[in-house]
Amino acid sequence: MSVKTVKVGNLSLKASARDVREFFSFSGDIVYVEVQSDDDFSQNAFVTFTDSQGADTAVLLSGATIVDMTVTVTLAPDYHLPPDATSAARGVTEGEESVMSKAEDVISSMLSKGFILGKDAVSKAKSFDQKIGFSEKVTTGTSMVNEKVKEVDQKLQVSEKAKSAYAAAASWVTDAFSKVAKSASEVGQQTKEKDDVAPTQQPPSPPKTSQVQGLIL
């Protein structure tokens, strides 16, 4: 049976359920957080996730600091949700499929947010990812997507020949437009050159009027 709850030990008395929820929210979707008194110096918290992967990832955070104390995080297989939380948890988990997160990405995100984690948190996350074969699962998922795309292409009868024909037609149209534009540009240039070379014609001058001198008799 998969374990979905972790026990957070040595939790600071200053830490609230909200602090615990915020800290472990990077590990996965949380169903319920319960904080219990332990002694005069610390308290315990139980964090229940929607799936076992969230709990497994949360265990990698053991040795981190919440508020002002270093906590321990272990799986809690014997923990049972309180009656008032059981119905709420059932409503959250039914019909939901959590997205698989890479443990190393979880650790990196928390470090970038300023959380103080254990020195070996990164190495533990890498080992965890390798153990569950995370990279292999991602590769398998990518292959499935590619197969789906290929299947859609076959159904739509989008063959390589059709794609090539479309590309050739598009290239022909583009080339034709280019030639038309080039021809129009050349004609315009030639017309402009003729206008520049042609001499400017002056209007004919009016005939000069001859002066007639009178005869003196």
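The values are calculated or read from the model by the stated rules, or taken from the named source; none is laboratory data. Nothing here was measured: the structure is a model prediction, and the numbers come from that model. When we count neighbours, we look across all protein chains shown, and the Cβ atoms used for this are built from the backbone with ideal geometry, even at glycine. The protein model used for the area step is the full one, side chains on, heavy atoms only, and it has no ligands, DNA or RNA in it. Shrake-Rupley method; radii C 1.70, N 1.55, O 1.52, S 1.80 Å.
Could you list, ordered by first residue, the pairs with Cβ atoms under 6 Å in which the first is in segment 57-70 and open to solvent by less than 40 Å² (accessible area, probe 1.4 Å) and the second is modelled with pLDDT of 95 or more and aliphatic (A, V, I, L, M), at least 6 apart or interchain?
Correct list of pairs: Ala58/Val6; Ala58/Val73; Leu61/Val73; Ser62/Val73; Ile66/Ala15.
Go through Asp19, Asp39 for me and flag whichever is in contact (Cβ under 8 Å) with a residue 40 or more places away in the chain, out of contact with any Phe, Trp or Tyr (no Cβ under 7 Å at 6 or more places or on another chain) and either buried (at least 17 other Cβ atoms within 10 Å of the Cβ) or not in a strand (DSSP E or B) (or both).
Numbers: Asp39 fails: in contact (Cβ under 8 Å) with a residue 40 or more places away in the chain.
Step by step, each of Asp19, Asp39 is checked, and only Asp19 is in contact (Cβ under 8 Å) with a residue 40 or more places away in the chain, out of contact with any Phe, Trp or Tyr (no Cβ under 7 Å at 6 or more places or on another chain) and either buried (at least 17 other Cβ atoms within 10 Å of the Cβ) or not in a strand (DSSP E or B) (or both).
Which condition from (1) within 25 Å of Leu111 (Cβ to Cβ); (2) in contact (Cβ under 8 Å) with a residue 12 or more places away in the chain is the one that Leu13 breaks?
(1)
Of the residues that sit in segment 79-112 and are at pLDDT 90 or above and assigned to a loop (DSSP other than H, G, I, E, B), which one is surrounded by the fewest Cβ atoms within 10 Å (Cβ to Cβ)?
Checking each candidate, the answer is His80.
Return yes when Leu11 is of a type outside the set (Gly, Ala, Ser), within 23 Å of Gly114 (Cβ to Cβ) and surrounded by 15 or more Cβ atoms within 10 Å (Cβ to Cβ) and no when it is not. Spell out the reasoning first.
Working: of a type outside the set (Gly, Ala, Ser): yes; within 23 Å of Gly114 (Cβ to Cβ): yes; surrounded by 15 or more Cβ atoms within 10 Å (Cβ to Cβ): yes.
Yes; evaluated as a whole, the condition is true for this residue.
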